Amino acid sequence: MPDVTFTVDGKKLTAPAGTLLIEACRKAGIEIPAFCYYPGLSLQAACRMCVVRQEKVPKLQTACTTTVAEGQVFTTESPEITQARKATIELLLGNHPLDCPVCDAGGECELQDMTFRYGAGESLYTEAKNHREEQKWSPAVYFDRPRCILCYRCVRMCGEGMDVWALGIANRGSSAIIAPNGGDHLDCEQCGMCIDACPVGALTSDTYRYKTRPWEMNHVSTVCTHCGDGCKVTLGVRQVDDGAEIVRGDNRDKSGINGDFLCAKGRFGFDFVDSKDRLTKPLVRNAAGTLEPVTWEHAIRVVSNKLKEIRDSKTENGGGSSIGVIGSNTGTNEENYLLQKFARTVLGTNNIDHIRTTDYAAFVRAMAGHEHRAASLRDTETAKAILLIGGNPTEEHPLLAWNIRTNFRHNTARLYIATDSPIKLERQARQTLSLPVEGYESLTAFLSGDDSALGEIENAKTFREAVNAEESLLVIFGQEFRGAAIESLVKWGLAKENVKFAYLGDYANSRGAADMGLSPDLLPGYIPVTTPGAFAEEYPNLSTQPGMTAPEMLDAGCRGELAALYIVGSDPVTAYGTDPAALKRAFVVVQDIFLTGTAALADVVLPAASLYEKAGTVTNTFGDIQLVKKAADKAGVKPDFEILVRIAGGMGADVKKLVPFGRGSITVPAVTAPALSVDFVPTPRPIPSLRGIHGDLGQSRGAHSGEADRHAVWLAARGLELRLSPFDPLAALDEIERLVPSYKLDRLNLFAGNDVHSEPGFVPVASLTAPTAAELILPAHDGLFTSGVLGDHTKALVELNSYQESISQPVAEAAAD
Amino acid sequence: MPKLTSHPDEVKIISKRFGMGAANIDRYIELGGYEATRKCLAEGSEWIINEMKASGLRGRGGAGFPTGLKWSFVPKQSAKPKYVLVNGDESEPGTCKDHLIFLHDPHAIIEGTIIAGLAIGAKMGFIYLRGEYRYLIEIMEKAVADAYAKGFLGKNIFGTETEFQAVVQTGAGAYEVGEESALMESLEGKRGVPRIKPPFPAVVGLYGGPTVINNAETIASVPHIITMGGAAYAAVGSERNGGTRLFGISGHVERPGIYELPMGYNLKKMIYEVAGGVRGGRKLKAVVPGGSSTPVLLPEEIETLGMDFDQVGKAGSMLGSGGVVVIDDQTCIVEFALRTISFYQHESCGWCIPCREGTDWLKKSLTRFHAGFGTKKDIDNIQYLAENMMGRTFCPLGDAAAMPTLGFVKKFRKEFEDHLDGKPCPYAKHVEVALV
């Protein structure tokens, strides 16, 4: 659309023809109030708040439905308009309960804000208000009807945004009411998006309602700890006796990678931090064989002495290679980086791994040397055509599913799905190819023209024709692909222009764990230990001999060939089905937040902080890196980063070599291009217009409106902040940036709370090793309400899970009849 | 068959077959029916639209938009199918004209629908009947079935290559669905809530296709216009208001009923001569000229008032649906206002705030006021509420509720003041106080 010029309140504005006036004004800094208007959802023109005066038009016009054209003249503020808005608010307040003093939304309520602005301070009516009792629609969602102003945001968010259509309108006139599809309960995905969209306190969440007031919380933007999409979540945190508790999760400032979106896990799944099962004291196995609470000093001394002893032992079953280290899928990049550096330089072993849920090594190997071919999660919102092979985004990657739906709705993106079982996104798909379970392997060959395997499937050829006819394509594939299968699929796409890739994996930082070198054969950045390059100098005593994989370590431990196992945030005994009794001979140390199957048999258990209780960065499955900020606080626990530094210190290691802190920590020497000097400011990637690029640092409205500490962000982004503590994970980030080729970060963007894409194309091609064994991959396949060990300890998710089962039962019974 | 009263001034065009058994298709044909359609099939689209433009026919639903012009807005080429919609959701209090057409002359509706279809190039017509008109459904459905049987509807109507299908659909009881876009929503099986305009139905209407939607009386006038010629039809009415209209006179008159009179007919004459004057020789207090949504007129305002869209508009009211409600001097205006607002409160769809909340509070306030518990400030409040609904709502229903209320408060403020201080209603002599 060509740009047009029009006048608003005497100012000349320019916008593409057809832009909604309300949007054009917002971009120009002129705020037009609205309740029912919500960017990205269908237009309602129901609240009549956005009325403006258009020259030569007799009636006031709604800015949310007026499209701009050349030469138009608008007035957005005048006594007439103010009166119209005031009258509308007076009408709304007529039946509103005005229970602001106890309402969840009090202080964050758009109706309050509007009343404040337009001053409808006097009640015109003496009659009783219409009243109805509050309703509980599900374990997550409550509806307080009298507060509802019928803006229909929830209805549209649920229907258009989520494609769930669980909400509608019942009755009419002044009896009109928002009603759930189940009559008195919700049968939906329990995402809570309706609560977030609600401009008032009509929809409230079980986790937050009547708990606190918004101004009593600190609002901390961090990254969700559950799935591999890495949504930004704003946690509302309140001080309590033993630290700081999380009372709310949302993304109300709509910033970051997920914009509006959060699913049930991100929004409600935080109560594990206060679970009574939390480990809060270090435990050491005593002479009687039971785990006994001890002080941190004692526990660290026990661990460091024992590890030192084993490392320095010259016996057959001694030395660094007799220690195995297993890292975490939910720890930060800095922790994982530090863990492998600790293993390789302090313990002197390449026996380091993590429970691999996704074959990122094979993916990066295939992408190495091909820049701009790895897709960011943001690409899924703008790609013109998407080929989804395997995976189930709606269940396992809710943000990806949201983005695909939004892309379909706003840009009529063409979605092609190849799947072995029906998935919900097929509703948006242009074509779906039903594959046999074993069909993924043959799909690449079929797409390249080999009919032998899949040619018989009914629509296979038209599917292939359509996919191949696309001028640009985003290929997203699931964990069905591993090893050589990934390589051939990527090769097929790389041969075409404008094809990008994304690989779907589990957990908040599985990608980071692989990127940071939690592998027996790969250093950070997928650099083989056999040809360590710069690491040879950086890591003293680095062995170039690949170590054992995680299952190998456990097997070796059971055979008594491993003297010690150091396990961080991971439960390999349960995951690999290891016999707990067989591990008795090894000295097992576990850092975790719960007493997992592995922790239960450990000699020392160290209570760790969860992702919500520490700082650092994580990388989602698309390779988008985001900043994790400390939200909650729990007395007794320590972040994995600090624990590792303390143990290394206890072992007599030079802590300053492990973590570059203190004087001189500012220097960011140029080891790899592009050099990260003080003046280096990477070019920010263009970000889709609907998403905020503003640095939010918390709440963008309400009492804690985000006055970002721009000075601090700037200093941090340029590496000018002195790392005063060896426990500062950002000191490790400096080193990661220096040594990991794919982590060239636009730090200003990162520190302002946005996502920064890593580039596997920067991984050097020459030094790649053979693909990993496909059988090492153990996909978690967590759904909407499960999240591995965390999910089991999250009451809100457990409740939702059983609720979903209970409401789906009658349907199953009916089907059985 | 109800007795059809008449008056010498009546000009029988739409009603000329009333009472003659024209619901029977053979009788209808005998009376010259379906000749207009044949003529239109021969003459073609452009000719039809020109005749319609020449006729000066303006929408009989209430807005008075020139019908020929409306039809000409429909794009000639369209990727989506085009539709003709007949709005028979007659629900405005004081209005009961369309039901007579459905009752006596259903084939005129079908004929008008086919002709509208020929004019805009539609192959499908929907006749949307008010849900409460249960007794008309059978008549209308039989008429459509008969037309199909005769080959007047179907794949090849009248033996030509032209296709036209028609379906009768009923509403579920909502005044709001009389609004054209809400009717389309209802017809599509959705909640009867109006759509955002633009786009207008002529461009994006039913199922997203270009749609012409006309009031049943408008559609029934079409075959007559074709038969007598647009110019001749125009000559019957007043300036820029072609033809005749079915005026429904109700309230306190001696002979209430539906009368077909030329556009521009004097309102005073209509009340005092055609309808036999105010009942029982009482004095005229006020007249609602065009259905309950139109602002009330005082006796002195109707002396020379011609009943056409332009003249009534100039007098500060609207011709609307042509439902004239006559109010005598023993009627309480406050109660009348309450009755009126009660209807709109009940019928508001609830979509937008000013209408949903405004009608509710107006009703609550007027109820209390009429019961004698009002204050002087309430009168201002009622006026303030109505003023702030006017022109601010999503669809005209809000205006329809606010306009008459404003009229009552402004023109009869004294009667409101007479209800103050706990006094019993000093006016209502023959109507029980209706508190809902």
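Structure data summary
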read-out	value
Coarse-grained scattering of the range A:3-77 at q = 0.12, 0.19, 0.27 Å⁻¹, given as base-10 log I(q)/I(0) from a Debye sum over alpha-carbon atoms	-0.27, -0.70, -1.41
Relative packing of B:304-310, A:468-474, which averages over residues the other C-beta atoms within 10 Å, highest first	B:304-310, A:468-474
Neighbourhood charge, 10 Å Cβ-Cβ cut-off, centred on A:LEU41 and excluding it, Lys, Arg +1 and Asp, Glu -1	+1
Per-residue ³J(HN,Hα) for the range B:376-386, Karplus 6.51 cos²θ - 1.76 cosθ + 1.60, θ = phi - 60°, Hz, x for Gly and Pro	4, 5, 4, 4, 5, 4, 4, 5, 4, 4, 5
Cβ-based charge dipole, the protein assembly as shown, positive-most Cα from B:ASN241, B:LEU338, A:LEU98	B:ASN241
Ellipticity estimate at 222 nm from DSSP helix runs (n ≥ 4, -39,500 (n - 2.57)) divided over chain A, nearest 500	-7500 deg cm²/dmol
Interchain or long-range residues, amide H under 5 Å from A:ASP187's placed H	A:ASN181, A:GLY182
Charge tally in the Cβ shell below 10 Å around B:VAL278, where Lys, Arg are +1 and Asp, Glu are -1, B:VAL278 excluded	+1
Accessible surface, per residue, of the range B:1-115 when the full set of protein chains is kept, probe 1.4 Å, Å²	41 Å²
Over chain A, equivalent-ellipsoid semi-axes from the Cα gyration tensor in Å	47, 31, 27
Average beta-carbon neighbours from other chains, 10 Å sphere, peptide B:382-388	3
Value of Rg to Rh for the range B:25-236 (Rh from inverse mean 1/r over Cα pairs, i.e. Kirkwood)	0.93
Computed label-point distance, nm, for sites B:ALA371 and A:THR530 using a 7 Å Cα→Cβ extension	9.2 nm
Sites B:LYS190 and A:HIS410 - FRET efficiency at Förster radius 25 Å, r taken between beta-carbons, to 0.05	0.65
Rotationally averaged projected area of the range A:368-500 (alpha carbon convex hull; nm²)	7.5 nm²
Residue of B:GLY398, B:GLY280, B:GLY243 that the Gaussian network model of chain B assigns the largest fluctuation, springs spanning Cα pairs under 10 Å	B:GLY280
Kirkwood hydrodynamic radius (C-alpha pairs) into Stokes-Einstein, the range A:432-575, 10 °C and 1.306 mPa s, D in µm²/s	85 µm²/s
Approximate spin-label separation A:GLU55-A:ALA69, in nm, with each point projected 7 Å along Cα-to-Cβ	1.5 nm
Hydrodynamic radius of the range B:333-434 per Kirkwood, over alpha carbon pairs, in Å	13.4 Å
Ranked by how many other beta carbons lie within 10 Å on average, peptides B:181-188, B:319-326, B:137-144, A:751-758 from highest	B:319-326, A:751-758, B:181-188, B:137-144
Beta bridges per DSSP with both ends in chain B, % antiparallel, nearest 5	45 percent
Label-point separation, A:ASP99 to A:ALA635 (7 Å along Cα→Cβ), nm	3.5 nm
Rounded FRET efficiency, nearest 0.05, which uses the C-beta distance separating A:ASN305 from A:GLU775 and R0 of 51 Å	0.85
Set of lysines with alpha-carbon distance to A:LYS656 below 25 Å, sequence-local pairs under 8 removed	A:LYS306, A:LYS308, A:LYS341, A:LYS614, A:LYS629, A:LYS630, A:LYS638, A:LYS744
Protection proxy ranking of A:784-790, A:24-30, B:257-263 - average other beta-carbon atoms within 10 Å, highest first	B:257-263, A:784-790, A:24-30
Helix runs (DSSP H) in chain A reaching 27 Å along axis by Cα, Kyte-Doolittle at least 0.5	none
Kirkwood hydrodynamic radius of the range B:244-328, from inverse mean 1/r over distinct Cα pairs, in Å	12.1 Å
Interface residues, the range A:37-57 - accessible area loss of 40 Å² or more versus chain alone, probe 1.4 Å	A:GLN44, A:ALA46, A:ARG48
Shielding by partners, peptide B:396-404 (average Cβ within 10 angstrom, other chains)	0
Average silhouette area of chain B, convex hull of alpha-carbon atoms, in square nanometres	19.6 nm²
Those aspartates and glutamates that a straight Cα-Cα span of less than 13 Å connects to B:LYS123, excepting residues fewer than 8 apart in one chain	B:GLU161, B:GLU163
Cα lying deepest toward the dipole's positive end in the protein assembly as shown, options A:GLY512, B:GLY316, B:GLY422, charges on Cβ	B:GLY316
Heavy-atom accessible surface that A and B bury in contact, both chains counted, 1.4 Å, Å² to 100	3000 Å²
Net charge over other residues, Cβ less than 13 angstrom from the Cβ of A:GLU160 (K, R count +1; D, E count -1)	+3
Of all accessible heavy-atom area on the range A:2-71, the percent that carbon and sulfur account for (1.4 Å)	53 percent
Shielding by partners, peptide A:166-173 (average Cβ within 10 angstrom, other chains)	5
Sulfur and carbon atoms: percent of accessible area, the range A:78-129 [1.4 Å]	63 percent
Accessible surface, the range B:244-328, averaged per residue in Å² (probe 1.4 Å)	30 Å²
Length released on extending from A:VAL765 to A:ASP579, taking residue separation times 0.36 nm less the Cα-Cα span	63.0 nm
Pairwise FRET efficiency - B:LYS314 versus A:GLU133, Cβ, R0 = 45 Å, nearest 0.05	0.30
Additional length obtainable on full extension of the chain from B:GLU161 to B:ALA235, 0.36 nm per residue less Cα span	23.1 nm
Label-reachable residues, the range A:408-447, where backbone N falls under 17 Å from a point 7 Å from A:GLU458's Cα toward its Cβ	A:417-423, A:426-427, A:429-437
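The values are calculated or read from the model by the stated rules, or taken from the named source; none is laboratory data. This structure is a prediction, so every number in the text was calculated from the model and none was measured. Because the Cβ atoms are built from the backbone with ideal geometry, glycine has one as well, and the counts that use them run over all protein chains shown. Ligands, DNA and RNA are excluded from the accessible area calculation, which covers all protein heavy atoms including side chains. Shrake-Rupley method; radii C 1.70, N 1.55, O 1.52, S 1.80 Å.
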